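Right, one structure below, let's go through it.
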């Protein structure tokens, strides 16, 4: 017996139904899964290696739907600075250098984790919140067992 092909909903339809319009910012905010730095993720069966899931960031998918192809040497930048935003009016192309300069100009850079560094209460080491949670505070090897 042949395997039944499941009907897939077009990616643009899935993108629109999973975004919420935020009136104050006019962002189309992605409501489902995100990557480790906050960008929306959507499965694209026509993209990449399907064994890995063909996951793409939603702002790039939105850009391609509304504005066209993204050249290899370009990134999709947000004017709204909201990584979950998929509103094509908030998206434009730039180079990695443009993106870095935009980040620094808006004070969103975090040079060597200096803005987020936290101190372990057991060994007094300063580190990022993620490393603090993983290797310090309650997991610190210098913590005495009581």
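Bear in mind that the values in this text are calculations on the coordinates, not laboratory data. Please read all numbers here as calculations on a predicted model, not as lab measurements. All Cβ positions, glycine included, derive from the backbone under ideal geometry; neighbour counts span all protein chains shown.
Structure above, values below:
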quantity: Per-q log10 I(q)/I(0), the range 11-109, q = 0.12, 0.22, 0.23 Å⁻¹ (Debye; single scatterer per alpha-carbon; no solvent); calculated: -0.38, -1.25, -1.33
quantity: Calculated FRET value between residue 34 and residue 144, using beta carbons and R₀ = 35 Å, to 0.05; calculated: 0.40
quantity: Ordering of 78-87, 98-107 by packing [mean C-beta count within 10 Å, highest first]; calculated: 78-87, 98-107
quantity: Calculated FRET efficiency for the pair residue 126/residue 101, C-beta based, R₀ 22 Å, to 0.05; calculated: 0.20
quantity: Relative contact order of the range 11-109, defined on C-alpha pairs under 8 angstrom at six or more residues apart (%); calculated: 24
